[in-house]
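Read-outs: derived from the displayed coordinates by stated rules, not from any lab. Since this is a predicted model, take the numbers as computed values, not measurements. Virtual Cβ from ideal backbone geometry, glycine too; neighbours counted across all protein chains shown.
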Amino acid sequence: MTRPLPNRSPRSPLQCIVPPYMIEAMTRCGDPAVRGRAVGSLACAAAIHAVRDLSQKMPSMMAVPSPTGRRHRLVYDAKKKDRLPGRLVRSEGQKPRKDVAVNEAYDHSGATFDFFHELFGRNSLDDAGMSLISSVHVGEVDDRGRYVPMDNAYWDGSQMAYGDGDGVVFTRFTRSLDVVGHELTHGVQAFTSNLVYRGQSGALNEHFSDVFGVLVRQWKEGVSVEKASWLVGADVLMPAATRRAIRDMEHPGTAFVDDPVLGTDPQPAHMDAIYTGPADRGGVHINSGIPNRAFVLAAQAIGGKSWETAGRIWYDAMLQLSRSSDFKECARITAQVASDRFGAAERKAVAAAWKKVGVA
Amino acid sequence: MRIACTISGGFAGLVKECRIETASLEPPERARVESLVEESGLVESFERFSESARDEKQFDVTIDRDHLIVHVVCDESCVPKPAKPLMAYLASHASPAR
Ligand SMILES: [Zn+2]
């Protein structure tokens, strides 16, 4: 039997908070009713912060266990609102629905579960059989306060959320297996290295999600490295001559060029061009281009099927890194794992790949 | 009133910027922007990020009202509900950063 999820406020109460300055101003209000509500909110906010801090330290607290301890998918329809998870529309074992986004979220999360389970013996994100929860048709507020389809996909700390895109640049994010694999890998990371989402550790967090998102697709297609595509999110972009994908792991910085809406792909392919500004939490989606390219170079040098050797090395490394690891640490650990698990040739391939992108 | 905004992150990791000088806008548009700012409730600076969310968009907004400056840096889930229409307006007027 499916355990119902608690109904959550827009996004999650754990992350959606009234700014303290507003609540504090209300506590000084002359109206006692307003004052009372504000004081209550302060207490509530403190509780929310406590829960949030705890969930960060103990993500298992947020996990909804599978009733069978095995693969267990739950797909919800957010009905174009930002209140998660929405209405449950398909559970594990139920037949496909008419709604293609529901079936894509179900199928792709299943493929990602199977990938981690079959290759690495991992039982879901927490390795303890937690349910995979997806919300589709997630909306966002526009400039007139109306809900419109969200132009994004994200992991909220306990589940996946997918928008349908604006239909001009982005289409529905569930279309892409590598996008779904990317989001679920954020979930795996929450229970493993949990790399701090800022600067180089944050770029590694994004990097591992890109790596395993793409590897799930390659594994599903059964393609070897010579024929593999390293594009991320190609399926969620509306076609145009100025864009091929959201990211290109093999050639960072070339996924889109002079696009009227997207601009030019900002990803660096080498440490020489690393982004150091404040945007994107210090460039987590930008600087991931550097380790992404290192992974592709290592996989190409090793040959065969990328998930078998390079993927295994990166999976072990993801489990060994600490929250604050940087690119150098990742290079050291991947080379060490390559040596320990495979041998000198693999170690050489991994070390050479990192050197080529300027991390040595 | 001057508004400077950088929107970044999201799954796509795009960086977009928007600068608005309300004095240079047509009166109806100027009134609209000022109303969105007023209704946003953004009267004090803050910086706040979700610890556990990934791939959310990041907003970095500076509002300069006659040298009264409010600077807000946060990700999507930390945008106060009344400020969401303002953020959406800024996002719809932003262009790729150079
Ligand atoms: Zn991500």
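Remark on segment A:59-190: hydrodynamic radius 14.7 angstrom, per the Kirkwood mean of 1/r across alpha carbon pairs. Rounded to the nearest 10 degrees, the angle from helix B:27-40 to the longest Cα principal axis of chain B is 50 degrees. Across peptide A:281-291, the average count of Cβ atoms from other chains found within 10 Å of a residue's Cβ is 3. Among the residues of A:260-270, the average count of other protein chain beta-carbon atoms within 10 Å of the residue beta-carbon is 3.
Inter-chain neighbour count for B:13-26: the average number of beta-carbon atoms from partner chains within 10 Å of each residue's beta-carbon is 3.
Pairs of Cα atoms nearer than 8 Å and 6+ residues apart set the relative contact order; for chain B it is 37 percent.
Sorted ascending by nearby beta carbons within 10 Å, beginning with the fewest, A:M318, A:M160 become A:M318, A:M160. Annotation: the residues B:C18, A:C330, B:C78, sorted from fewest to most other C-beta atoms within 10 Å of their own C-beta, follow the order B:C18, B:C78, A:C330. Over all pairs of different C-alpha atoms, the protein assembly as shown has a mean inverse distance whose reciprocal, the Kirkwood radius, equals 22.7 Å.
Please give the contour-minus-distance gain from A:K328 to A:A240: 0.36 nm per residue of separation, less the Cα-Cα distance, rounded to one decimal in nm. Walk me through the intermediate numbers first.
Working: separation 88, 0.36 × 88 = 31.68 nm, distance 3.70 nm.
Separation in residues times 0.36 nm, less the Cα-Cα distance, equals 28.0 nm.
Candidate cross-link partners of A:K356 among the lysines, defined by an alpha-carbon separation under 18 Å and a same-chain spacing of 8 or more, comprise A:K328, A:K348.
Convex hull volume per residue, computed on the Cα atoms of segment A:230-360, equals 116 Å³. Can you tell me the relative contact order of segment A:199-356? Whole percent, Cα pairs under 8 Å, sequence separation 6 or more. Relative contact order here is 24 percent.
Footprinting exposure proxy ranking of A:V138, B:V73, fewest other C-beta atoms within 10 angstrom first, gives B:V73, A:V138. For B:K84, the lysines whose Cα falls under 24 Å of its own Cα, not counting residues fewer than eight places away in the same chain, are A:K79, A:K80, A:K81, B:K16, B:K57.
Using only the alpha-carbon atoms of chain B as identical scatterers, what base-10 log of I(q)/I(0) does the Debye formula give at q = 0.12 Å⁻¹? Ignoring solvent entirely, the Cα scatterers give -0.36.
With a ≥ b ≥ c taken as the square roots of the eigenvalues of the C-alpha gyration tensor of segment A:198-293, please select rounded if a/c is under 1.5 and otherwise prolate if a/b is larger than b/c or oblate if it is not? Because a/c hits 1.5 or more and a/b fails to exceed b/c, segment A:198-293 counts as oblate.
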